[in-house]
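Please treat every number below as a calculation from the coordinates, not as lab data. Here the structure is a predicted model, which means the values were calculated and not measured. Quick reminder, even Gly has a Cβ in these numbers, built from the backbone with ideal geometry, and neighbours come from all protein chains shown.
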């Protein structure tokens, strides 16, 4: 699972790295490879020998992904070249060389010497990203700022309109504007506005909250297991060039990723909190509701009727507690912003999806309901093929959402960035036992991993 997730992450990185303003056949080929590797990660049932071979190949695959991300950063494939980003990457490389001066560093050395450089560098670079463009020309930033400002004044964020910066002829959104302003407020869920609030009150810019969310997500991924794959997963989340895009353009995926990682972190540590955290995750974005049936995989064995009812009851209770007050505050504005606008939004032919490519070529225009036909397929594959574990849930979630975005009318790069984060979680949570790396410090080995290895060896004998 980890090996094919890394290959999927590699293909997805190439897909996003080549995208500029319109989908091409090359980009769609990488997107198809991403989905194919995901299907293999979820559906394959290899022999123990194949598992060991895949485990030994994972470090090389991770190194390829790191090299790809570094190359994209250096040659400005994703965003304009920046000296601070180059300095950060060079310092990361020098830190790795210093830690490896006496051979392959231990996991303890890597976590205490290399990871802090990665996280501190990301913090500095992200602050510079925000300061370089204090007022980005994108409606996402404006609606989040307006929503947070409305909450500070105890006003409804769903009636906080913004200037129509794209004009009436814009292909991006439905023509709901009058006198140069939109007729609706924020199109994000109430939880996103609440999470934006602290950063807005302290700094006046919601993007600092997004930066902190990515840093916390990295820390959670690294702490999911005391293993090399967990460390690699956390580093990959920050070192990729698309993370700076998320911060600079104020996309809300960092908060979605944070709640996702928080939920998976507690699966093996405090399972009683998982239903509530699952409900919190569902509150971050409308598309997350498609993952509701996959919550079955987080219940544990045996999933009897009482446990199932309790799990989903608590999750939906959290969902209701957060959303119901805003619905009662102004139900018409709530439905308009979160449902009507999303359903009536036009097809974006400049984004990454098969539907966009077909429409751009003049072949056909897929109806909005077509992408929803895949959801039962993705749910079936997840529940029947993936293991009922945190790693299985992360892989099944990626296999459900990434193809859904690929055939929808809104395949924006920020959607796929969430898929990238889910793949990092799969890497961190999968039981990888064949990695030939030195691990001699206390706490370097994962007891769950060691037990699983011993069990497999016993079965082999």
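Points worth noting:
- Mean separation of Cα contacts under 8 Å, 6 or more apart, over the residue count of the chain: relative contact order %: 23 percent
- Tensor-based shape of region 379-427 (alpha-carbon gyration tensor, a/c under 1.5 rounded, otherwise prolate or oblate): oblate
- Anisotropy class of region 112-209 from Cα gyration tensor, a/c 1.5 cut: prolate
- Extension gain, residue 219 back to residue 156 (0.36 nm per residue minus Cα-Cα distance, nm): 19.3 nm
- Ascending count of other beta-carbon atoms within 10 Å, so fewest first, for 296, 232, 19: 296, 19, 232
- Inter-centroid distance (Cα atoms) of region 313-339 relative to region 220-294, Å: 22 Å
- Extension gain (nm, one decimal) between residue 60 and residue 344, 0.36 nm per residue minus Cα-Cα: 97.8 nm
- Theoretical gain in end-to-end length, residue 108 to residue 368 [0.36 nm per residue, Cα-Cα removed]: 88.6 nm
- Here the relative contact order of region 333-433, from alpha carbon pairs under 8 Å that lie six or more residues apart, stands at 32 percent.
- Sorted by Cβ density within 10 Å, fewest first, the residues 123, 9: 123, 9
- Neighbour-count order for 329, 88, fewest beta carbons within 10 angstrom listed first: 329, 88
- Rounded tilt (10° steps) of 413-429 against the dominant C-alpha axis of the chain: 20 degrees
- Descending by average beta-carbon neighbour count within 10 Å, the peptides 199-211, 240-252 line up as 240-252, 199-211, the highest first.
- In the chain, helical runs assigned H by DSSP with n ≥ 4 each contribute -39500 (n - 2.57); averaged across all residues and rounded to the nearest 500, the mean residue ellipticity at 222 nm is -20000 deg cm²/dmol.
- Rounded if a/c under 1.5, otherwise prolate or oblate - region 53-189, Cα gyration tensor axes: prolate
- A Förster distance of 60 Å, applied to the separation of the beta-carbon atoms of residue 321 and residue 360, puts the FRET efficiency at 0.90.
- Centroid-to-centroid separation of region 1-32 and region 346-410 [C-alpha atoms, Å]: 14 Å
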